[in-house]
Amino acid sequence: MTTIDLITISKDNGDVCKLSDLPVNEIRGVGPTRSTLLRKLGITSVLDLILHRPRRYEDRRNFVQIKDLKKGDTACVKGKVVVLGVKKFAHGRRSLFELVIDDGSGRLHCIWWNQPYMSSYFNKGDDLIVFGKVTSDRPKTMDNPETETLNIEQAEPESNQFIHLNRIVPVYPATEGLSQRWLRETIWQVINKYAGYIKDDFPEITASGFPQKPLAIRNLHFPDQISEAELATKRLALDEFVSLFLQIQIRLRKFEKSAKAPDCSGTNEKMRLFLKKLGFSLTDAQIKVLREIRADLRGPKPMRRLLQGDVGCGKTVVAGCAAIMAIEKGFNVLFMVPTEILAEQHYNTFRRWFDPIGIDVVLRTGSVKNNESGPSLFDIAENYEKHSGASKNISTAKLFIGTHALIEESFIADNIGLIIIDEQHKFGVAQREKLVKKGRNPHLLVMTATPIPRTLALTIYGDLDCSIIDQMPAGRSKIITKLVNAGESDSLWKFVRQQLANGKQAYIVCPRVESDPASEIKAVKTEYVRIKKLLAPFEVALVHGEIPREEREKIMDAFRSGAVSVLVATTVIEVGVDVPNATVMVIENAERFGLAQLHQLRGRIGRGVAESYCFLVASPRKLDKAAYDALKRLNVLVQTSNGFEIAEADLQMRGPGELLGQAQSGLPSLKFADFIKDFQLIAQAKEIARSIISKMNI
């Protein structure tokens, strides 16, 4: 949110309102039709129009003569329309609109394919400005150039002439029906009318060498030099970052001032027994993170910690140790995960870990509301006492594992000391806060196996301390990742059969559950039938989110035991599934997934000592820019298995909103700030925010 939203203005009738509340239809020349067209661009208020950022600029101070144009040049030309018309081909299914302008030095052909309506925009004799790239020398041609007509009868008053000519001109994101010329004139009008109301909310930014905000907005749209537009963009980006960090810091200050947390640092009674029975030693990175967590759990303020770590680094064990600390002190622990499959996996894992040390584990999902099935915990504990010497002392505090069902009002747990959220990016900020309100200032540990780039972590999770497990447990195998063309997959399936014949197991992942006749995207239900025949006589099973829980558990148990060799699944197996004997992962329509999700899926293999293989099967319909970008993303996975490198690449290619989910992450909609390019501005914004906060009475 930009601080311009806070500006109030006095309307003609004496009412006071924000610029963000002033609708565009109150601007002269904006009626119902143009209001609808502006809405397509996300513009509904005067503020939106003021912040409608140019996508580039044209230097129209110098026109190039047509005779001097060469193929590959991008230039601005002015001439008179001498010829125009539409040609049709292939029985009218294709068309070419062409016009020719003459500037006295030569002629330039301008062409638009399959846009016959363009002929209604021009007349012979029009004076035309043309901007574009020269695509041919003989004849000199521009494909799809941008144009402006300068007819005498349509010319603007002399005082406005300089908006379009003899200056650096903004070119805006537009839509059919809204010309660049109209947008430019309307934004000029709005800035002249409202610039005086735009206050410099952060004089600290101006003091550090940036223009005042009103001047920055004017220079954004109508700069005298390109450098002025660049500096204006940085100024507005810095405003957004400072506003963001102020929100984070104010919330954090208020929280630290009012919240007093319970001591959940543990007694080590059950912890020593747990680590002894674990069967493996913790890595140095895990031990370091646990020390940070224990220090937080000791209080006095509630822990707010983000635990990052690559797929398979051992975050779950660390979470288990944190839970034990709180339970040893007599506090209940809530552990929320995004899917039922992951909840069931964690439930089984923690039952295996916690039953021997006398800690009760309760599962709560949409399908399961209690822990009534299975043997009594006291029976299990007594059995372990006989065979392993475990204490019969059962803790009254429990570990509750569940999905969104933990947020429901019907779920009540007293004495909550610690809340753990796994796969934090799958949940919204509001959901996180709602869960925290279940207790009285409980400690909070959020975890993600989708590594978050440092720039993004500093911003989105600025209210959290950050811990990183940057060391993998010993004994993990190497994963070889290959990109496969869908049309050349025969050798792939031959390899899969060889792995199965050697006693290994495989995952086949598809993007959809149901097939769509109009789409080439693979669906698990149809692929299951095909793969079952293709890989016979090996046992193939199907799993997806629509299968009832009881049936799904049986399928997963059969896969874990080895009774099922191949699991055809949707992304429900993205997290939490741990089968060391599975060495092959085939991901169909891999171009449909983001890098972070593909990396998560790949993390289901490589959990044993045998070498593992991940095949990214890509089947783009055509080799266009989208397909090229997708293949470029997939090649990142082929080249590296480092989750943090992959996350950085994903952020650069797709942006933070795509990586985390705009609504899910709580990421504000930033019009000017860029988390990658503006890293230095982020550091500067944090310093300015700290300076402002230090002067506030919070």
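The values are calculated or read from the model by the stated rules, or taken from the named source; none is laboratory data. Only a predicted model underlies this, so the values are computations on that prediction, with no experimental measurement involved. Using ideal geometry, Cβ is built from the backbone for each residue, glycine included, and neighbour counts are taken over all protein chains shown.
Considering only the stretch 510-564, state which residues are aliphatic (A, V, I, L, M) and assigned to a loop (DSSP other than H, G, I, E, B). If the condition is that a residue be aliphatic (A, V, I, L, M) and assigned to a loop (DSSP other than H, G, I, E, B), then Val513, Ala518, Ile521, Leu535, Ala536, Ile547, Ala563, Val564 are the ones that fit. Just the residues that are surrounded by fewer than 19 Cβ atoms within 10 Å (Cβ to Cβ) and in a helix (DSSP H, G or I), please, taken from the stretch 250-270. Ile250, Arg251, Leu252, Arg253, Lys254, Phe255, Glu256, Lys257, Ser258, Glu269, listed by residue number.
With Ala685, Ala610, Ala689 as the choices, which residue is part of a loop (DSSP other than H, G, I, E, B) and modelled with pLDDT of 85 or more? Break it down into steps so the answer makes sense when it comes.
Values: Ala685 fails: part of a loop (DSSP other than H, G, I, E, B); Ala689 fails: part of a loop (DSSP other than H, G, I, E, B).
So the residue among Ala685, Ala610, Ala689 that is part of a loop (DSSP other than H, G, I, E, B) and modelled with pLDDT of 85 or more is Ala610.
Just wondering, is there one or more residues in the stretch 60-72 that are under 38 Å from the mean Cα position of the chain (by Cα), surrounded by fewer than 15 Cβ atoms within 10 Å (Cβ to Cβ) and under 24 Å from Tyr172 (Cβ atoms)? Among the residues of the stretch 60-72, not one is under 38 Å from the mean Cα position of the chain (by Cα), surrounded by fewer than 15 Cβ atoms within 10 Å (Cβ to Cβ) and under 24 Å from Tyr172 (Cβ atoms), which makes the answer no. Of the residues examined, Val617 is one that is in a strand (DSSP E or B) and either outside the structural domain of Gln499 (by TED's automatic domain parsing) or modelled with pLDDT of 80 or more (or both).
For Glu328, the stated conditions hold: it is surrounded by 15 or more Cβ atoms within 10 Å (Cβ to Cβ), farther than 18 Å from Thr448 by Cβ and at pLDDT 95 or above. Scanning the stretch 253-299 for residues that are under 26 Å from Val311 (Cβ atoms), in contact (Cβ under 8 Å) with a residue 24 or more places away in the chain and polar (S, T, N, Q) yields a total of 2.
Within the span defined as the stretch 228-249, one or more residues are assigned to a helix (DSSP H, G or I), free of Cβ contacts under 8 Å to residues at least 60 places away in the same chain and more than 17 Å from Ala685 (Cβ to Cβ). Residues considered: Lys533, Lys504, Lys522, Lys554. Of these, the only one that is basic (Lys, Arg), over 22 Å from Gly606 (Cα atoms) and buried (at least 17 other Cβ atoms within 10 Å of the Cβ) is Lys522. Under the condition of being assigned to a helix (DSSP H, G or I) and closer than 23 Å to Ile293 by Cβ, which residue from the stretch 382-433 is modelled with the lowest pLDDT? Among residues in the stretch 382-433 that are assigned to a helix (DSSP H, G or I) and closer than 23 Å to Ile293 by Cβ, the one modelled with the lowest pLDDT is His425.
Checked against (1) over 30 Å from the mean Cα position of the chain (by Cα); (2) assigned to a helix (DSSP H, G or I); (3) of a type outside the set (D, E, K, R), Phe210 passes all but a single condition, namely (2). Would you say Ser119 is at negative phi and touching a strand residue (DSSP E or B) at 6+ places or on another chain (Cβ under 7 Å)? So Ser119 passes the test.
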